[in-house]
Amino acid sequence: MIQRFEDRAALASALARDVAAALKSGLDAQSAASLAVSGGSTPKLFFEALSKISLDWARVTVTLVDERWLDEDSPRSNAALVRQHLLINKAASARFLPLYNGADTPEAGRPALEAAVAALHLPFAAAILGMGEDGHTASFFPGGDNLASALAPTPEQKLETMHAPGAGEPRITFTLPVLAASDFLALHIEGARKQEILDQALSHGPDEAMPIRAVLRYNPKIYWCP
Ligand SMILES: O=C(O)[C@H](O)[C@@H](O)[C@H](O)[C@H](O)COP(=O)(O)O
């Protein structure tokens, strides 16, 4: 299902309201709720809208769908984006679980992160994905070295590392089954170009060429604006 909004502000406030509702349902049913958000350039307005909504944020853990293996002082750090634009206002009391821990490589950092992630309250109450113009989502990149195991991991594995020509730097990502099991699963895309990419992904073709296809099979709610 695609919901179309007239502009970025309208999309951001609708997505923030829907994510807050999903978190509230999670918190009404259980002692804690987890939220996985994407980095990149698209989510800032949504983050700021969500940060202003009243919720029992102290019982919410925010983490990332995926992370670029970089220190937080890099402008490409997704953790830095979340700290600056989401963990503010009312959401300042949320707990944050970053997916970068300073190890030399994501492979070296992954065991400690798998242990940290094991303590998360899962399934996610909400997971919000983005999409790149190459058809990647999370760190499921075309040509990624661990793409197959990120899409179909062993059961105990919640994270996968990824090196890919289009990724910019090494990555770590939640695997598809963890993200797909979220109570509320959304894809947030903006602009005519991403609409075209989405149309291509919705046509037949291999997941390896456009890994977003693997997610579309789970019918995420799609939020789009020009
Ligand atoms: O760390 C990342 O790169 C993301 O989590 C990634 O999957 C992102 O959502 C898309 O690449 C879209 O990025 P833009 O919003 O910048 O287009």
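Distance from the Cα centre of the stretch 40-63 to that of the stretch 148-224, in angstrom?
21 Å
Under the Karplus relation 6.51 cos²θ - 1.76 cosθ + 1.60, θ = phi - 60°, what is the ordered set of whole-Hz ³J(HN,Hα) values for the stretch 201-210, x standing for Gly and Pro?
5, 6, 7, 5, x, x, 4, 4, 6, 9
So what is the calculated 222 nm ellipticity per residue for the chain, using -39500 (n - 2.57) for each DSSP H run with n of 4 or more, over all residues, to the nearest 500 deg cm²/dmol?
Dividing the helical sum by the residues of the chain leaves -10000 deg cm²/dmol.
Hey, what do the phi angles of the stretch 27-36 turn into as Karplus ³J(HN,Hα) couplings, whole Hz, using 6.51/-1.76/1.60 and θ = phi - 60°, x for Gly and Pro?
6, 5, 8, 9, 6, 8, 9, 10, 10, 10
Order by neighbour count: ARG171, ARG8, ARG217, fewest other Cβ atoms within 10 Å first, most last.
ARG217, ARG8, ARG171
In the stretch 2-225, if the dipole is taken from +1 on Lys/Arg beta carbons and -1 on Asp/Glu beta carbons about the Cα centre, which of CYS225, ALA214, ALA138 is farthest to the positive end?
Of the options given, the answer is CYS225.
For the stretch 154-163, just list the computed ³J(HN,Hα) in residue order, Karplus coefficients 6.51, -1.76 and 1.60, θ = phi - 60°, integers in Hz, with x standing in for Gly and Pro.
5, x, 7, 9, 9, 10, 9, 8, 8, 10
Among rounded, prolate and oblate, which fits the stretch 155-207 when a ≥ b ≥ c are the square roots of the eigenvalues of its C-alpha gyration tensor, a/c under 1.5 means rounded, and a/b larger than b/c means prolate?
Note, shape of the stretch 155-207 comes out oblate.
Any idea what diffusion coefficient the stretch 79-163 gets from Stokes-Einstein, in µm²/s, Kirkwood Rh on alpha carbon pairs, 25 °C, 0.890 mPa s?
D = 166 µm²/s.
Please say if the stretch 20-126 is rounded, prolate or oblate, where rounded means a/c under 1.5 for a ≥ b ≥ c the square roots of the C-alpha gyration tensor eigenvalues, and otherwise the choice is prolate for a/b larger than b/c and oblate otherwise?
Here the stretch 20-126 falls in the oblate category.
How much length, in nm to one decimal, is gained on full extension between GLN157 and GLU208, taken as 0.36 nm per residue of separation minus their Cα-Cα distance?
This chain segment gains 16.3 nm when fully extended.
Can you pull out the GluC sites (Glu not before Pro) in the stretch 147-194 that DSSP calls coil and that have at most 11 other Cβ atoms within 10 Å?
GLU156
Quickly work out the GLN30-to-ASP199 label distance, labels modelled 7 Å from Cα along the C-beta direction, and quote it in nm with one decimal.
Between ASP199 and GLN30, the label points sit 4.0 nm apart.
In Å³ and rounded to a whole number, note down the convex hull volume per residue for the Cα atoms of the chain. Intermediate values should be presented prior to the final figure.
Working: hull volume 24.9 nm³, N = 226.
Spelled out: Cα convex hull of the chain, divided by residues, is 110 Å³.
Compute the length gained on full extension between ARG17 and ALA112: take 0.36 nm times their separation in residues and subtract their Cα-Cα distance, giving the result in nm to one decimal.
Gain on extension, ARG17 to ALA112, equals 30.9 nm.
Got a sec? How would PHE140, PHE47, PHE96 order by Cβ neighbour count within 10 Å, fewest to most?
Details: PHE140 32, PHE47 22, PHE96 15.
In increasing order of surrounding Cβ atoms, one gets PHE96, PHE47, PHE140.
Expressed in nm to one decimal, what extension gain is obtained for the pair GLU72 and ASP7 from 0.36 nm per residue of sequence separation less their Cα-Cα distance?
20.4 nm
Of the candidates HIS204, HIS188, HIS121, which one comes out as most mobile in a Gaussian network treatment of the chain with C-alpha springs shorter than 10 Å?
HIS204
Write down the percent of antiparallel bridges among all DSSP beta bridges whose residues are both part of the chain, to the nearest 5.
DSSP beta bridges in the chain are roughly 30 percent antiparallel.
Sequence-distant or interchain residues sharing an amide H contact under 5 Å with LEU129, placed H: which?
ALA186, LEU187, HIS188
Rounded to the nearest 20 debye, what is the charge dipole size of the chain about its Cα centre when +1 sits on each Lys and Arg Cβ and -1 on each Asp and Glu Cβ?
Rounded to the nearest 20 debye, it is 720 debye.
Where a number appears in this text, it was derived from the coordinates with a stated rule and is not lab data. Source: prediction; values computed, not measured. Counting neighbours? That spans all protein chains shown, and the Cβs are built from the backbone with ideal geometry, glycine included.
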